[in-house]
Amino acid sequence: MSTPKTLFDKVWDAHVIRHVEDGPDVLFIDRHFIHEVTSPVAFLGLEGRGAGVLFSGRTFATADHNTPTLNQHLPVADPLSANQLAALERNAKKYNISHWGLGHQKNGIVHVVGPENGITLPGMTIVCGDSHTSTHGAFGAIAFGIGTSEVEMVLATQCIMQPKPKKMRISVNGTVGKGVLPKDVILYIISQISASGATGYFVEYAGDVFRNMTMEGRMTVCNMSIEMGARGGMVAPDQTTLNYLKGRELAPQGEAWDKLVPYFESLKTDEGAEFDVDLTFDAADIEPQITYGTNPGLGTGVTRQIPLAEAVKDGAASYKKSLQYMGFAENDSMLGKPVDFVFLGSCTNGRIEDFRAFASIVKGRKKADNVTAWLVPGSHIVEAQIKEEGILDILSEAGFQLRQPGCSACLAMNEDKIPAGKYAVSTSNRNFEGRQGPGARTLLASPLVAAAAAVTGKVTDPREFI
Amino acid sequence: MAYDKFTVLRSTAVPMPIENVDTDQIIPARFLKATERKGFGDNLFRDWRYNNDDTPKADFVLNNPTYKGKILVGGKNFGSGSSREHAAWAIYDYGFRCVVSSFFADIFRGNALNIGILPVQVSPEFLEKIFAAIEADPNTELEVNLPKQAITILATGESESFGINGYKKHNLTNGFDDIDYLLSMKGEIEQFAATRPF
């Protein structure tokens, strides 16, 4: 009998073309996503060495990081952003790469449009010059972020060279309580193991909680794998995965699909396969989460107090610097903290379910006067769903406006910047200093916690409204 | 892109004893709008280094003339967050060739190696010794010896070995990159691609 393998081993091993002695594996890449920010220098490099794109059909381009979220029909005002968008379009055209630029009906955040159009499939290797590429692991793919040198590498050779990471399994068993979303599950895990707790590992998420999650939820979880240092995270494909993908425009259709199903179904960790680290959590311990510091590991239950310095894994000096930046103190209660901005969106929480959750709380209520809210769908397809399902009407009645798709205030490359010193409850993935604008203070949370803050103007337990 | 070969580096070092230095601090997103790789060093640690009116913040280490050199010494979990290679470019462009920490984020480590910056991971104890040595004398020199895989505090002679795989070591000491290697096996890659189910 052959040695039991993990899901990760099965997919990784199937893509190794060569193992370099005392070095990395040469890994074949099935799908490569590019965007305007991390690709231009890669194309310049390609030209510098006189190389071409080896398999243009395996690369997909979309514009998202730098795009405005209002008036997308007008020319992009910022000349530097416009220049990057033009470079992406030019490079895509030159090398015959599919390009969903600004205004294209399939345009949106790269990690939203890949899955929703069926480009992402179980068992694939997927890379992109963006650390949240880990999102695609929700489908049982090995997906991770790369640097620009590697973007050039994949364009030129469809391969990258990586040492095989170690393996970690994180199981969450039981049933989550009322008002607890996938975002809370992953924020809880990160708060337990720290922002570097999975560095050097590739994670498999297992257990009842992930098994019972929708694909949108699994994407939220896998998206934030990088926030605990993991290169990526994955969930074994099951019927939920296949139901989501079947019939999506760029997924294999008909007989081609049917032929792949047995392979997809084989992608699970064998009984007895070993992990370097195996962690288990109890779903009952998870309440709606919120972060209070400047890395995603500094989070806690929304009803709790900010921990004392001696109780956290970061060094005391770094921890105190973090709280000072946030304008918070040890032992402060999070409930009731004032909120100036609410951001719903990003590759973490910019999908239809996130808007449904947000709407479930603001329905019949009004946006707090002291809150500026930016609601940014992850793609035009999500935007269309919001309208079709009547969610836009609910949002409008409550005093909210919907913006156009893009990465927006998650990284504040475009005009959507939180002003210095202001507090933003944000459904995105990073609360680093200045991440949402110079001096901005970010509190990461789920769409429900964001909605509760948006209608009360302060940090609020969303369970009060459910 | 070609980079300087790395063999033995002897230099004073800049201490930054802060944990979880993420790539948004190294280079904030609003400076990622270039389509060419140049000038990123000017915005290295932009928001820690400059006030909103672009005047330097006196208490930040890069603005303190006491500390200089080609080696940056950071706290645990250096380079976490975004995959932006611009962070490594900014560090290289500013003039650093080596970053020392007790722990690196994976993507940053890979990006650094790909552009000719050597990430040297030392034990937490040795990191403290380096910080203490620089505090005692900012002119103290470190020697980073890649062929011997050793880092030494020259003033005290204390030394520790560091890990790097043989392939990457060979690349760095010769100025080679992965793309050169992969282009040489193009036929093998094309054969493999033909076997993929999707």
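Rule-based calculations on the coordinates, nothing more; no lab input. Note that the coordinates shown come from a computational prediction; the quantities given were computed from them, not determined experimentally. Using ideal geometry, Cβ is built from the backbone for each residue, glycine included, and neighbour counts are taken over all protein chains shown.
Side notes on the structure shown:
- For segment A:159-315, averaging the sequence separation of C-alpha pairs within contact (under 8 Å, six or more residues apart) and dividing by the residue count gives a relative contact order of 35 percent.
- Backbone HN-Hα couplings from phi across segment A:2-10 [Karplus 6.51/-1.76/1.60, Hz, Gly and Pro as x]: 6, 5, x, 10, 7, 3, 4, 4, 4
- Within 10 Å of each Cβ in A:430-439, the average number of Cβ atoms from other chains: 5
- Taking A:Y423, B:Y67, A:Y205 and counting other C-beta atoms within 10 Å, the order from fewest to most: B:Y67, A:Y423, A:Y205
- Reducing segment B:62-91 and segment A:440-460 to their Cα centroids gives an inter-centroid distance of 33 Å.
- Counting only residues at least eight positions apart within a chain, or on another chain, the lysines with an alpha carbon under 17 Å from that of B:K57 are A:K321, B:K68.
- For B:104-114, mean number of other protein chain Cβ atoms within 10 Å: 6
- Here segment A:34-75 is scanned for amide nitrogen atoms under 16 Å from the site 7 Å beyond the Cα of B:E36 along Cα-to-Cβ, giving A:40-49.
- Segment A:K164-A:E265, extension gain: residue separation times 0.36 nm, minus the distance between their alpha carbons: 34.0 nm
- Sequence-distant residues sharing a close amide H with A:T460 (under 5 Å, placed H): A:G336, A:A453
- Under-5 Å amide H pairs with A:D278, H placed in peptide plane, nonlocal only: A:R169
- Label point distance in nm, B:A150-B:T195, each placed 7 Å from Cα along Cα→Cβ: 4.4 nm
- A full extension of the chain between A:K246 and A:R211 corresponds to an added length of 10.7 nm, given 0.36 nm per residue minus the alpha carbon distance.
- Net lengthening on full extension, A:V20/A:E397 (0.36 nm per residue, minus Cα-Cα): 129.7 nm
- Take every pair of alpha-carbon atoms less than 8 Å apart whose residues are at least six positions apart; their mean separation over the length of chain B yields a relative contact order of 25 percent.
- Counting neighbouring beta carbons within 10 Å and listing from fewest to most, the residues B:R49, A:R169 come out as B:R49, A:R169.
- Sequence-ordered 3J(HN,Hα) estimates for segment B:57-63 from the Karplus curve with 6.51, -1.76 and 1.60 and θ = phi - 60° stand at 7, 4, 7, 8, 4, 5, 9 Hz, glycine and proline given as x.
- Flagged links, alpha-carbon separation over 29 Å, of B:K38/B:K168; B:K33/B:K148; A:K313/B:K148; A:K167/A:K313: B:K33/B:K148; A:K313/B:K148
- Part-to-part distance (alpha-carbon centres) for segment A:31-88 and segment A:318-374, which is given in Å: 31 Å
- A:R49-A:K178 pseudo-label distance in nm [points 7 Å out on the Cα-to-Cβ vector]: 5.9 nm
- Per-residue mean of C-beta atoms belonging to partner chains within 10 Å, peptide A:125-132: 3
- Amide H contacts for A:L444 (H built 1.01 Å from N in the peptide plane; partners 5 or more residues away or on another chain; cut-off under 5 Å): A:T291, A:S426.
- Computed from backbone phi with θ = phi - 60° and the Karplus coefficients 6.51, -1.76 and 1.60, the 3J(HN,Hα) list for segment A:444-455 is 6, 7, 7, x, 6, 5, 4, 5, 4, 5, 5, 8 Hz; x is used for glycine and proline.
- Part-to-part distance (alpha-carbon centres) for segment B:96-170 and segment A:97-174, which is given in Å: 31 Å
- Cα→Cβ-extended label distance, 7 Å offset, between B:N63 and A:D13, nm: 5.6 nm
- Evaluated at q = 0.11, 0.14, 0.19 Å⁻¹, a Debye calculation over the C-alpha positions of segment A:7-162 (equal weights, vacuum) places log10 I(q)/I(0) at -0.42, -0.67, -1.17.
- Sequence-distant lysines (8 or more away, or on other chains) whose Cα lies within less than 22 Å of A:K106: A:K93, A:K94, A:K246, A:K387
- For segment A:7-162, the relative contact order is 33 percent, taking Cα pairs closer than 8 Å that sit 6 or more residues apart in sequence and dividing their mean separation by the residue count.
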